[in-house]
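The structure under discussion appears below in the form of structure tokens.
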Amino acid sequence: MYKIEKSRLSELFAAIAAQEDLFLPIKKCDQANYGLWTEEAEVDLDTLKTVKSPKDCFFPQSETLYKCKNEDGKLAIDPAKLQDKPFVVFGMRACDVQAVKVLDNVFLNDPVDSYYAARREHGILVAMACHEPEETCFCKVFGIDAANPAADVATWMVGEDLYWKALTEKGEALTKLVENLLTDADEAAVEKEKKQIQAIIEKLPFSHLDLSVFENSELMELFDSPKWEEMYKPCLACGTCTFVCPTCQCYDIKDFNTGSGVQRYRCWDSCMYSDFTMMAHGNMRTSQMQRFRQRFMHKLKYYPDNNDGMYSCVGCGRCVSKCPASLNIVKVIKKMGGEA
């Protein structure tokens with residue numbers, strides 16, 4: 001294990017950025033989101049959760065897939081270039097690291113999404129333990145330990161030092177890149193920090209939600225529950241929950257006429273929208289209740305049933321804090337019988 005003084009983190013960032021693109025939480029207009037590091041950037045490692053997750057680094061909100069145009073009667077297709085060099089995503093929380101694993105099950109299974117796969121191959125995850133988990137956090141419910149983030153490199157901010165521990169080959173390679181800035185450290189301070197974090201987690205209001213109703217109930221029993229009709233009514237169908245969620249993977253594909261050809265791109269979409277999954281005959285989910293049910297059944301039932309029990313929620317709490325109608329997955333779990 002190594003450490004570096006907090007006051008020297010700018011040197012660490014510069015050393016990484018000199019070799020590889022570095023993405024980390026940057027504050028703009030009092031909001032923290034992941035962005036490319038520059039010397040002028042206001043780095044914010046103190047904010048526990050960025051507004052949007054670092055999902056953007058692997059599954060961008062909008063990306064061009066290819067361009068095509070007619071050249072002298074022949075159709076020319078120009079595919080977008082795949083990620084071909086390493087990059088670092090610094091400061092990810094344990095919940096967001098787990099969210100990437102959820103996305104892996106979607107995009108790396110057949111048929112493999114080549115755009116996502118290239119980014120995952122070249123992406124290096126540097127995670128940071130949550131010094132003070134917040135009341136909206138409930139990652140423990142899904143077996144995630146905020147004190148022990150499982151990434152390529154795990155870090156802990158203790159006092160005026162950042163502790164650094166490589167966990168994978170990618171992490172070892174990154175450590176070698178910056179080893180001249182790191183000093184050896186024992187793990188005593190980190191072990192104490194872990195215990196303090198876990199003690200906080202045990203006291204959080206949502207840390208002991210019960211998921212057994214989703215694990216033990218038949219799919220159609222949950223699907224046909226009259227409780228959906230009771231819950232959905234405050235929903236505004238704004239899609240905020242899906243856009244801040246680190247695991248949502250719904251997207252649309254569109255063609256844009258540039259005037260000299262066509263550009264095909266994909267962009268995030270939301271199952272909460274009335275035109276999502278629109279087909280020639282119309283939409284298969286004709287009411288907001290059905291769309292509301294789809295979102296939470298996927299997170300808590302469909303996905304775990306098809307992925308060895310892994311839930312498609314990581315308990316980051318972004319939807320808890322951002323939903324304008326205060327309607328979120330915690331309320332769904334409780335309503336369906338998941339009170340601790």
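Taking region 238-248, which residues are part of a loop (DSSP other than H, G, I, E, B), within 16 Å of His298 (Cβ to Cβ) and at pLDDT below 95? Of everything in region 238-248, just one residue is part of a loop (DSSP other than H, G, I, E, B), within 16 Å of His298 (Cβ to Cβ) and at pLDDT below 95, namely Gly239. Where helices (runs of 4 or more DSSP H) sit wholly within region 164-219, those with at least 3 residues that are surrounded by 18 or more Cβ atoms within 10 Å (Cβ to Cβ) occupy 169-177, 188-203. Residue check: Val97 meets all listed conditions (1) in contact (Cβ under 8 Å) with a residue 24 or more places away in the chain; (2) out of contact with any Leu (no Cβ under 7 Å at 6 or more places or on another chain) but one, namely (2).
A single member of Val153, Val106, Val178 is of a type outside the set (Lys, Arg), closer than 28 Å to Ala15 by Cα and out of contact with any Ser or Thr (no Cβ under 8 Å at 6 or more places or on another chain), and it is Val178.
Answer yes or no as to whether Ser225 is outside the structural domain of Asn109 (by TED's automatic domain parsing) and surrounded by fewer than 17 Cβ atoms within 10 Å (Cβ to Cβ). No: the conditions fail for Ser225. Of Ser225, Ser274, Ser260, Ser270, all but one fail to be part of a loop (DSSP other than H, G, I, E, B), hydroxyl-bearing (Ser, Thr, Tyr) and within 30 Å of Leu108 (Cβ to Cβ); the exception is Ser270. Pairs linking a residue in region 204-229 that is of a type outside the set (A, V, I, L, M, F, W, C) to a residue that is not in a loop (DSSP other than H, G, I, E, B), with Cβ atoms under 7 Å and 6 or more positions apart or on different chains, are Ser207/Lys140; Ser207/Val141; Ser207/Ile201; Lys227/Lys335; Glu229/Met289. Within region 303-314, the residues that satisfy the criterion of being in contact (Cβ under 8 Å) with a residue 24 or more places away in the chain and assigned to a helix (DSSP H, G or I) are Tyr303, Pro304, Asp305.
Taking (1) in contact with a Ser or Thr (Cβ under 6 Å, 6 or more places away or on another chain); (2) more than 24 Å from Lys322 (Cα to Cα) in turn, Arg264 satisfies each apart from (1). State which residue is nearest to Thr247 (Cα to Cα) when the search covers only region 297-324 and only residues that are among the polar types (S, T, N, Q) and surrounded by fewer than 19 Cβ atoms within 10 Å (Cβ to Cβ). Among those that are among the polar types (S, T, N, Q) and surrounded by fewer than 19 Cβ atoms within 10 Å (Cβ to Cβ), it is Asn307.
The values are calculated or read from the model by the stated rules, or taken from the named source; none is laboratory data. No experiment lies behind these values; they were computed from the predicted model shown. Backbone-built Cβ (ideal geometry, glycine too); neighbour counts: all protein chains shown.
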